[in-house]
Amino acid sequence: MDIREITTEEELELCLIGNDRPVAVDIFTSWCLPCQELERTMERVSLESNALICKLDAEKLPDVARKYGVEAYPTVVVFSHGKVFKKMVGLCSRAGIIKVLEDAANA
């Protein structure tokens, strides 16, 4: 399981720059119950996907959450070749996340 915790905007940019595989960023808050459920889902996704899986606490990095238009939690932002490929808001299924990651890999 490879889930990278993002603690700075620069760290996120480094994950995106020059990365040939898709990147999924789980943007969450500590008080959000669906976020806690999604965390378990993302752990499973990280075992089944070649994508880089990251998590970002919106309470600690609110400017980054705003930069990507996050208005509700949880939100998973999937990047392909360093650009936003798709945003998924709310509690997403494992299969749905994996499908978007596969689509991003083929974009």
### Message
One residue is enough: does the stretch 66-86 have a residue meeting the conditions at negative phi, touching a residue at least 60 places away in the same chain (Cβ under 8 Å) and of a type outside the set (A, V, I, L, M, F, W, C)?
### Response
no
Expected single match for closer than 20 Å to GLU5 by Cβ and surrounded by fewer than 21 Cβ atoms within 10 Å (Cβ to Cβ) among PRO74, PRO62 is PRO62
Given (1) of a type outside the set (Asp, Glu); (2) surrounded by 14 or more Cβ atoms within 10 Å (Cβ to Cβ); (3) closer than 17 Å to LEU101 by Cβ, ASN50 misses just (2)
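Since every read-out is calculated from the coordinates, none of them should be taken as a lab result. The model shown is predicted, which means the values in this text are computed figures rather than measured ones. Here Cβ is always computed from backbone atoms with ideal geometry, including for glycine, and neighbour counts include all displayed protein chains.
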